[in-house]
1. What is the stretch 443-540's relative contact order, in percent, from Cα pairs under 8 angstrom and six or more apart in sequence?
2. Compute, for the chain, the length of the dipole vector about the Cα centre, with Cβ point charges of +1 (Lys, Arg) and -1 (Asp, Glu) only. Units Debye, rounded to 20.
3. By counting other Cβ atoms within 10 Å of each Cβ, how are HIS45, HIS327 ranked from fewest to most?
4. Please give the contour-minus-distance gain from ASN252 to VAL34: 0.36 nm per residue of separation, less the Cα-Cα distance, rounded to one decimal in nm.
5. Return one number: the angle in degrees, 0 to 90 and rounded to the nearest 10, between the long axis of the Cα atoms of helix 308-317 and the longest principal axis of the Cα atoms of the chain.
6. With a point put 7 Å past each Cα toward its Cβ, work out how far THR500 is from LEU211 in nm, to one decimal.
7. For GLU493 paired with THR286, estimate the spin-label separation in nm (one decimal), with each label point 7 Å from Cα along the Cα-to-Cβ line.
8. Length gain on complete extension for the stretch ALA236 to LEU186, per 0.36 nm per residue less the alpha carbon to alpha carbon distance?
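Every number here is computed from the coordinates shown, using simple stated rules; none is lab data. Remember, predicted model here, so these are calculated numbers, not experimental data. Ideal geometry is used to build each Cβ from the backbone, glycine not excepted, and the neighbour counts take in all protein chains shown.
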Amino acid sequence: MTVLAQGPLAPLTAPPIDYAAIMPLLVVLAGACVSVLVEAFLPRHQRWPAQVVLTVLVIAVAGVTLGVYADGAPAAGVVTLADSLAIDVPTLFLWGTLLLLGFGSILLIADRSVEPGGAFIASAVERASVGAAPGTTTGGSGVDPEHVDRSYGAPGDAPTMQTEVFPFTLFALGGMMAFVASNNLLTMFVALEVLSLPLYLMCGLARRRRLLSQEAAVKYFLLGAFASAFFLYGVALLYGYAGSVRLSDIANAAVGTTKSDALLFGGLALLVVGLMFKGSVGPFHTWTPDVYQGAPTPVTAFMAACTKVAAFGGILRVMYVAFGSTHWEWRGVMWGVAIASMVIGAVLGLTQTDLKRMIAYSSIAHAGFLLIGTMAITREGTSATLFYLLAYGFTTLAVFGVISLVRGPDGEATHLSQWAGLAKRSPVLAGVMTFLLLGLAGIPLTSGFTAKFAVFSAALGDGMAPLVVIALVASAIAAFFYLRVVVLMYFSETPADGPTVTVPGAFTTVAITLGVVVTLLLGIVPTLALNWAAAGGLTG
């Protein structure tokens, strides 16, 4: 046997890492790991205060490190961690948005005043009522076991807050932050799974309406698995085309090769399916109404606000950096997707009788509006999309906070008929909900108007006038189902057995107030946020 002589092996060198640039992400992921240890080692009665303090502290520290770095960050951005993460102005803007929305979501999740013991329970095996044996039901009591307030502990114990949701939230938030900063498709796929898997679990942890919650979790998991498979197959095709999964290498291959474009656009098509699914873009929206309705309302708020930001942050980076040079080839298809999303959201939203499902279809319509800004491969389109994500996230977060306060015997009173005459029972709550719905409709002096104006202006500047006209028509249609809720609250008779309005605790009050204040400020003085969003472009 012949042994080939080999020279000395070249020393391995670690890739350079800009720790200051990625410190907010590291803080969130490290905090999530510490949160798991808290859950494992602290006694149950100490977990809730420890987890709340830890989670808020993690988000605060991440926000401080973000602010310190952003103050002197290079306008051109940096690429670090073996070129897997791109930290530029859009990334910093999205990270700030996610941390603020994550803070508001944590407040809703941690609240124990609206639902005694919190909105979550940790296991599907539970007692049908306090003091009953595990696995038993209410029998002939006439109470639907699906809607009974269940808890663990000795007979007569008050329900306890299940705190497993806190590390889930931090891991999901960390995955979202990695997703919007990903500079190659494999990193983006790993981040997609890190943000998705905790959400699948969180959707099934509702204390109330357990069967509906578990059905939502299973549906979200199964459809999410299919979407992830599409995404990964698209990554494989693009690697076969470009020989790399880095976004800038795909862009260079698209303009500098004589290869057939079949792999390029086949990979893009599959990649888009996975991205559009996560962003609730029609016609890839089928999970959205059922999951929004079945998940615990604080989790729905977290998904509706933060996941939308993460999904469109990723879409923006992929389309701008990797496929910006080929936008004339794919723009026609994306026009059709945007129109479908706006029409599905606006028209089917008119038929909904459940408020959470109605907001879900509103989310689908807004995804179409966001896609218009994403298709404008210009600096104005990028900044307008970032501003839209900020405005939509806070308004939606506050809307679900308000929904959690109107309650019937089986939890939230989400049927539209139950909101009739709400203004007579709680004028303040009805006024807040009215303002937020007007914000979603895009009425002037709200953030929704400024966001739509910015996105539509960017689209007009990039030659998409027909699409803007369709978007305006869809906005007018969608405004009807927002105004229908306002009419119900102010001009309908209050039912005798109508639901009660719960006085919110400090956490829910702060979350709703934060959403209302941001919705108002971004409608009146949006300059600061718009200038930050426009301060730099995407780096590849």
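1. It rounds to 61 percent for the stretch 443-540.
2. Result for the chain is approximately 360 debye, rounded to the nearest 20.
3. HIS45, HIS327
4. My answer for the length gained is 74.3 nm.
5. The answer is roughly 10 degrees.
6. 2.6 nm
7. Calculated label separation equals 4.3 nm.
8. Here the segment from ALA236 to LEU186 would lengthen by 17.0 nm.
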